[in-house]
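The values are calculated or read from the model by the stated rules, or taken from the named source; none is laboratory data. A quick note: this is a predicted structure, and the numbers were derived from the prediction, not measured. Glycine also receives a Cβ, built like all others from the backbone with ideal geometry; neighbour counts cover every protein chain displayed. We work out accessible area using only protein heavy atoms, side chains counted, and drop any ligands, DNA or RNA first. Shrake-Rupley method; radii C 1.70, N 1.55, O 1.52, S 1.80 Å.
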Amino acid sequence: SFCTLLMSLYWVKYEGFPWWPTQVVEADEETPEGYVKVQYFGTGDGGYVQLDDPSTVCPYGHDDAEKRQTDDPAIAAAIAEADAAAAQIQAAEEERRRRKEEKVKRRAEKEAAAQREKAKRAEEKAKRAKAKRDTGR
C-alpha cells in the first residue's frame, strides 16, 4: 500500500545519469498513474518513477555496493544523507515495534490480572456458599 511505501528509500537511475538515492514522498496531482513521486537526496529535486522496473529502480540497501562507488562528491553527499534517513527510518520502526510489544505486554498483564481477580471472586463466593451451607445444617 502507499502508506507503507511512503518514506521508502530507492536507488533511481535515469539514462545518462548515475544511480541516485531517493525517498518516496506524498504524491501530487501531477503524479502519473502507475508512478510514485520521489525526492532526490542531496539535490531536493523531485521526480516520478515506476517501481516495477528493476533496470531503473531498486530498493535502497539492496545490492548497492556498486551504486555506492563514486568519486562524485555530490553523489557521496546524497548517499550520506540517504544513509542518515535510513537510520532514522529504522530507529522509528524499532520504536514502533517496541511500543507495540509494550502494548501487547500491558494488555496481557491486564488480562491476567482480570483473570486472577475473577478467580479470587469465584473462590470467595464459593467460600461464602460453603459457610452458608455449613451454618445452615
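Some points to look at:
- Of all lysines in the structure, the ones whose alpha carbon falls short of 21 Å from that of residue 130, not counting any fewer than 8 places away in one chain, are 118, 120.
- Eligible lysines near residue 100 by straight Cα distance, threshold 17 Å, same-chain separation 8 or greater: 110
- With a Förster radius of 30 Å applied to the beta-carbon distance between residue 76 and residue 53, the computed FRET efficiency rounds to 0.75.
- Length gained when the stretch residue 101-residue 86 is fully extended (0.36 nm per residue, less Cα-Cα span): 3.2 nm
- Sequence of 19, 11 when ordered by accessible area, the most exposed leading, probe 1.4 angstrom: 19, 11
- Of all lysines in the structure, those lying under 25 Å Cα to Cα from residue 67, and not within fewer than 8 positions of it along the same chain, are 13, 37.
- Accessible surface, 1.4 Å probe, highest first, among residues 8, 55: 55, 8
- Of (1) 28, 16, 13; (2) 22, 17, 11; (3) 60, 16, 11, the label for semi-axes √(5λ) of the Cα gyration tensor in Å derived from the coordinates: (3)
- Longest segment of the chain lacking GluC sites (Glu not before Pro) that sit in a DSSP loop with at most 15 other Cβ atoms within 10 Å: 34-137
- Degrees, to the nearest 10: 73-135 long Cα axis against longest axis of the chain: 10 degrees
- Summarising the label geometry, the points placed 7 Å from Cα in the beta-carbon direction at residue 126 and residue 39 lie 6.3 nm from one another.
- The residue list 49, 18, 113 was ranked by how far each Cα lies along the charge dipole of the chain toward its positive end, using unit charges on Cβ atoms, and 113 comes out on top.
- With a Förster radius of 25 Å applied to the beta-carbon distance between residue 66 and residue 25, the computed FRET efficiency rounds to 0.45.
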